[in-house]
Amino acid sequence: MNRKVLITGASGTLGFNLIEMLAQTPGYSIHAPVRKEWDFLLPYKTRVEFVVHDLQDERETAELVRQIGPDVIVHCAASGVRPPRSEWFEMIGFNVSGSVSLFKAYCALPKTSHFIYISTGLVYRIQNRPLREDDPIGTLHPYGAGKAAADSLLLAAAAEFKRTITVLRPFAFTGKHDGQERLFPALLRSAASGKSFSLTSGEQVRDFCAVEDVARSILLCVNRTPEKLVDVFNIGSGRCDQVRTLTKRVCLELGIDIELKFGQAPLPPFEPSHLVADISKADSELGWKPEINLSYAVWQLAKQIVPTLSLREPDRTF
């Protein structure tokens, strides 16, 4: 097997982990358009062809896809995943227009090809229970709204043009290459500096997964012959935890000695109060379920971004 795989978003948390996973596995010809050349991607240049490219340039995107002729396109690229958030219209434009342009280019490929779109659990309307794939989407969350629009448009385009698409909706995740002001990178940097850490009230319920598990779910889809023209899968831990509970649990398992100041940071507008995945479909149809302990994923991240911080190594699996 030598499958040509085109992956967008290689510089992001999920795209990076997928690139790393594929690069360590024989049988793939890997192509990755990136906005610029990143030093942290240099170790993978022997296995991955990186191309500097603007996904919002529709003509150039069509030509790039034509030249590569991938068997599978994995669209991980997105704007606004990591805070601080991009300007609203710029973020929406990239997440919607860039995705549609890439799918249009995909439609010129042979019908044996496969498009995998990485959406997000933030697309759903709040239900205050674990969310299923057939639950309605629609949100005022700025990142979630753009992804919901692209999610809906790509599913409609796939149905219209009889093209195969798999949509994966990951919920919250962390691990290697997580960064900026997201929860666990910020916590680790505060711990390394000896400072207290300010959080929201932490009462919101979240579903946190190891990014390695999410990348593995994509790899399963890359290798799988789709059974349906259009399919959607939730990817998450399936666990209902308040943010304060899971943060304390990670600190306890890793031995992080830090003062957690809940209620000292404002909750961003339109953040859902309850965001948890029902992952029964991914289990039954993909044969996927999470395996990596969240604390282990945070420990891996710590080794990468704050290597001087002394932590206990937790169990890798549940």
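Brief remarks follow.
- In the range 118-147, the residues that are on the phi < 0 side of the Ramachandran plot, assigned to a loop (DSSP other than H, G, I, E, B) and not β-branched (V, I, T): S119, R125, Q127, R129, P130, R132, E133, D134, D135, P136, L140, H141
- The residue that is modelled with the lowest pLDDT, counting only those in the range 108-136 that are of a type in the set (A, V, I, L, M, F, W, C) and over 15 Å from E60 (Cα atoms), is I126.
- Residue check for S217: of a type outside the set (D, E) and either buried (at least 17 other Cβ atoms within 10 Å of the Cβ) or under 25 Å from M21 (Cβ atoms) (or both): yes
- Cross-chain or 6+ apart pairs with Cβ under 6 Å, the range 238-252 first and closer than 16 Å to L188 by Cβ, then aliphatic (A, V, I, L, M) and surrounded by 16 or more Cβ atoms within 10 Å (Cβ to Cβ): V250/V298
- Filter pass, R239 being closer than 21 Å to T120 by Cβ, among the basic types (K, R) and in a loop (DSSP other than H, G, I, E, B): yes
- The range 174-187 residues that are free of Cβ contacts under 8 Å to residues at least 60 places away in the same chain, paired with ones that are of a type in the set (A, V, I, L, M, F, W, C) and surrounded by 21 or more Cβ atoms within 10 Å (Cβ to Cβ) (beta carbon under 9 Å, 6 or more apart): A186/F197
- Close Cβ contacts (under 7 Å, 6 or more residues apart or on different chains) running from residues in the range 193-211 that are under 15 Å from T245 (Cα atoms) and in contact (Cβ under 8 Å) with a residue 40 or more places away in the chain to residues that are part of a strand (DSSP E or B) and of a type in the set (S, T, Y) comprise F208/T174.
- Flag if I116 is in contact with a Leu (Cβ under 8 Å, 6 or more places away or on another chain) and either small (G, A, S) or touching a residue at least 12 places away in the same chain (Cβ under 8 Å) (or both): yes
- Within the set I165, I137, the sole residue that is in contact (Cβ under 8 Å) with a residue 40 or more places away in the chain and of a type in the set (A, V, I, L, M) turns out to be I165.
- Residue under evaluation K261, criteria (1) touching a residue at least 40 places away in the same chain (Cβ under 8 Å); (2) basic (K, R); (3) over 30 Å from S193 (Cα atoms), criterion not met: (3)
- Filtered by the rule that a residue be outside any helix (DSSP H, G or I), among the aliphatic types (A, V, I, L, M) and buried (at least 16 other Cβ atoms within 10 Å of the Cβ), the range 255-301 gives I256, I258, L260, L275, V276, A277, I279, I292.
- Considering (1) within 30 Å of E227 (Cα to Cα); (2) of a type outside the set (S, T, Y); (3) touching a strand residue (DSSP E or B) at 6+ places or on another chain (Cβ under 9 Å), the lone condition that P185 does not fulfil carries the number (1).
- Here the condition is being of a type in the set (G, A, S) and under 25 Å from A158 (Cα atoms); of G69, G12, G27, it holds for G69 alone.
- So A156, is it among the small types (G, A, S) and in contact with a helix residue (DSSP H, G or I) (Cβ under 6 Å, 6 or more places away or on another chain): no
- Number of residues in the range 128-144 that are in contact with a helix residue (DSSP H, G or I) (Cβ under 8 Å, 6 or more places away or on another chain) and either under 22 Å from A77 (Cβ atoms) or surrounded by 19 or more Cβ atoms within 10 Å (Cβ to Cβ) (or both) equals 7.
- The requirement of being modelled with pLDDT of 95 or more, over 26 Å from T8 (Cβ atoms), part of a loop (DSSP other than H, G, I, E, B) and among the hydrophobic types (A, V, I, L, M, F, W, C) is not satisfied by L252.
- Boolean, E160 is in contact (Cβ under 8 Å) with a residue 24 or more places away in the chain, surrounded by fewer than 17 Cβ atoms within 10 Å (Cβ to Cβ) and not in a strand (DSSP E or B): no
- None of R169, R189 is under 15 Å from G236 (Cβ atoms) and either of a type outside the set (A, V, I, L, M) or outside any helix (DSSP H, G or I) (or both) except R169.
The values are calculated or read from the model by the stated rules, or taken from the named source; none is laboratory data. The structure displayed is predicted, hence computed values, not measured ones. Using ideal geometry, Cβ is built from the backbone for each residue, glycine included, and neighbour counts are taken over all protein chains shown.
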